[in-house]
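Below is one structure; the comments refer to it alone.
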Amino acid sequence: MSALFSWLTKVQALLSPSITPCLTCGKRNLGSSEFPGVCRNCIESIPWIRSPRCLKCGRHVGCPDCTRSSEPSPIICNRSAVAYTSVMREWLGQYKYRGNERYAPLLGLMLDRAYLTLKKEKQSALLSRKSSIIHRSWSADLLVPVPVSDSRLMERGFNQAERLADVLSRCRKIPQLPLLIRTHHTGKQSFKSRAERLADMKHAFAENPAVTTQFADWFNREVPLNRPVRIIIVDDIYTTGSTIRACAEIIQQVGSDYGYAVEVYSLTWARS
Ligand SMILES: [Zn+2]
Ligand SMILES: [Zn+2]
């Protein structure tokens, strides 16, 4: 009888996959197969950016920043998984500020969607250019997370950009290197004006001397000779783009120090 009971319990568990409450809403709804731990209702309400209005920064609405700027950009483009709505702000807050690490795989898998969008876009561009068959598949060569300052790292215990890049790196088999360091703490960016942020970011990053040899090895071993190297900067949020641009300028510089043409992209979990 007890064997039958335990068998029935197992069958019941299999038939109702959402026994554990949803990570984000806490309700016992039907679970999503693609994003474990989160219910289907929550997944259906994610504000995905499927086709960005601004092809430069990946924004879902009209974009005065990109149209206003005539400066050459150090990145090809940014793509973000979602629009930074109040619900998405709450999810990121749970992870980043309240340290709920169960959000890490969810946010990482969401970022992977943005990678697939970028990959698809680039591949269809290659196809329309009638590139030879070997050049039709597009994938990135290296992921570089945006670094946080030591004090921020101490306070938070992890770098959210690095964790996001970890998931993407595992899903897509793209290596990641902490190529950059943060030279100074820039304070809370959300309270600053656009001009203040831009000035602040100018000298906030530098090449990481600890990985220089690793990077040189990677270049010598992996770099494709028939096209520019594709490097993706990974971060949680794209707001004005000043962080991404500052990081991209250093990567461009490092690339040219090694004598390689580099294409820099960025993938961010949310676009505000
Ligand atoms: Zn839910
Ligand atoms: Zn834009």
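Could you list, in sequence order, the residues of region 36-55 that are assigned to a loop (DSSP other than H, G, I, E, B) and modelled with pLDDT of 95 or more?
V38, S45, I46, P47, I49
Put simply, of S16, S86 the only residue that is within 16 Å of ligand 1 (Cβ to nearest atom) and either at pLDDT 95 or above or under 23 Å from the mean Cα position of the chain (by Cα) (or both) is S86.
Residues to consider are S169, S151, S137; find the one that is part of a loop (DSSP other than H, G, I, E, B), hydroxyl-bearing (S, T, Y) and out of contact with any Phe, Trp or Tyr (no Cβ under 6 Å at 6 or more places or on another chain).
S137 is the lone residue from the list that is part of a loop (DSSP other than H, G, I, E, B), hydroxyl-bearing (S, T, Y) and out of contact with any Phe, Trp or Tyr (no Cβ under 6 Å at 6 or more places or on another chain).
Being more than 13 Å from the chain's Cα centre (by Cα), in the same structural domain as R182 (by TED's automatic domain parsing) and over 17 Å from V38 (Cβ atoms) holds for only one residue in G93, G157, and it is G157.
Applying the criterion of being more than 9 Å from ligand 1 (Cβ to nearest atom) and β-branched (V, I, T) to the residues of region 19-43, the residue that is nearest to R89 (Cα to Cα) is T20.
Can you name the residue in region 48-77 that is touching a helix residue (DSSP H, G or I) at 6+ places or on another chain (Cβ under 6 Å) and under 20 Å from A161 (Cα atoms) and, of all such residues, is surrounded by the fewest Cβ atoms within 10 Å (Cβ to Cβ)? If we take residues in region 48-77 being touching a helix residue (DSSP H, G or I) at 6+ places or on another chain (Cβ under 6 Å) and under 20 Å from A161 (Cα atoms), then P74 is surrounded by the fewest Cβ atoms within 10 Å (Cβ to Cβ). How many of the residues making up region 48-86 are charged (D, E, K, R) and touching an Asp or Glu at 6+ places or on another chain (Cβ under 7 Å)? So the answer is 0. Cβ separations smaller than 7 Å between residues 6+ apart or across chains give the following pairs from region 81-108 residues that are open to solvent by 70 Å² or more (accessible area, probe 1.4 Å) to residues that are assigned to a loop (DSSP other than H, G, I, E, B): V87/S45; R102/L23; R102/G37. The selection criterion, being assigned by TED's automatic domain parsing to the domain that holds I251, at pLDDT below 95, surrounded by 16 or more Cβ atoms within 10 Å (Cβ to Cβ) and not basic (K, R), holds for T186. Residue pairs whose Cβ atoms lie under 7 Å apart, sitting 6 or more positions apart in sequence or on different chains, and linking a residue in region 30-42 that is without any contact (Cβ under 8 Å) to a residue 40 or more places away in the chain and open to solvent by 40 Å² or more (accessible area, probe 1.4 Å) to a partner that is among the basic types (K, R) and within 9 Å of ligand 1 (Cβ to nearest atom), are L30/R40.
Screening V223, V144 for residues that are in contact with a strand residue (DSSP E or B) (Cβ under 7 Å, 6 or more places away or on another chain) and modelled with pLDDT under 80 leaves exactly one candidate, V223.
The values are calculated or read from the model by the stated rules, or taken from the named source; none is laboratory data. For clarity, every value in this text was computed on a predicted model and none was experimentally measured. Cβ: placed from backbone, ideal geometry, glycine included. Neighbour counts: every protein chain shown. All accessible areas refer to the heavy atoms of the entire protein, side chains included, with ligands and DNA or RNA removed. Shrake-Rupley method; radii C 1.70, N 1.55, O 1.52, S 1.80 Å.
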